[in-house]
């Protein structure tokens, strides 16, 4: 399934990787708060911005090594949309 060049695969990979990595970061942040008494990042919404890192790695893999243009384009567009939504949300109403 992952060896096909498709927009849908790029979208599913991008959303899935972002959600899973955010969950991991959130869990690690909770463990660090319990262990050290202070968070990993100063504000929790920074974890949302960090959660697009796997998309960049997947983007490099699918565009650079596999040469899958459709999958890479979907990953790129999704990553840009996530980052833009983050900045529009948190710089419009800073917390």
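Within the range 59-66, none of the residues are closer than 21 Å to residue 85 by Cβ, touching a residue at least 12 places away in the same chain (Cβ under 8 Å) and not in a helix (DSSP H, G or I). Would you mind stating whether residue 70 is assigned to a loop (DSSP other than H, G, I, E, B) and over 18 Å from residue 20 (Cβ atoms)? It is false that residue 70 is assigned to a loop (DSSP other than H, G, I, E, B) and over 18 Å from residue 20 (Cβ atoms).
Within the range 20-36, the only residue that satisfies the criterion of being surrounded by fewer than 12 Cβ atoms within 10 Å (Cβ to Cβ) and either within 19 Å of the chain's Cα centre (by Cα) or outside any helix (DSSP H, G or I) (or both) is 27.
Conditions (1) over 29 Å from residue 1 (Cα atoms); (2) touching a helix residue (DSSP H, G or I) at 6+ places or on another chain (Cβ under 8 Å); (3) assigned to a helix (DSSP H, G or I), marked per residue:
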position	(1), (2), (3)
38	yes, yes, no
42	yes, no, no
54	no, yes, yes
57	no, no, yes
86	yes, yes, yes
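Does residue 76 satisfy the criteria of being within 16 Å of residue 8 (Cα to Cα) and modelled with pLDDT of 95 or more? Yes; evaluated as a whole, the condition is true for this residue.
The values are calculated or read from the model by the stated rules, or taken from the named source; none is laboratory data. Here the structure is a predicted model, which is why all the values come from computation and not from measurement. Heads up, the Cβs are rebuilt from the backbone with ideal geometry, glycines too, and the neighbour counts pull from every protein chain shown.
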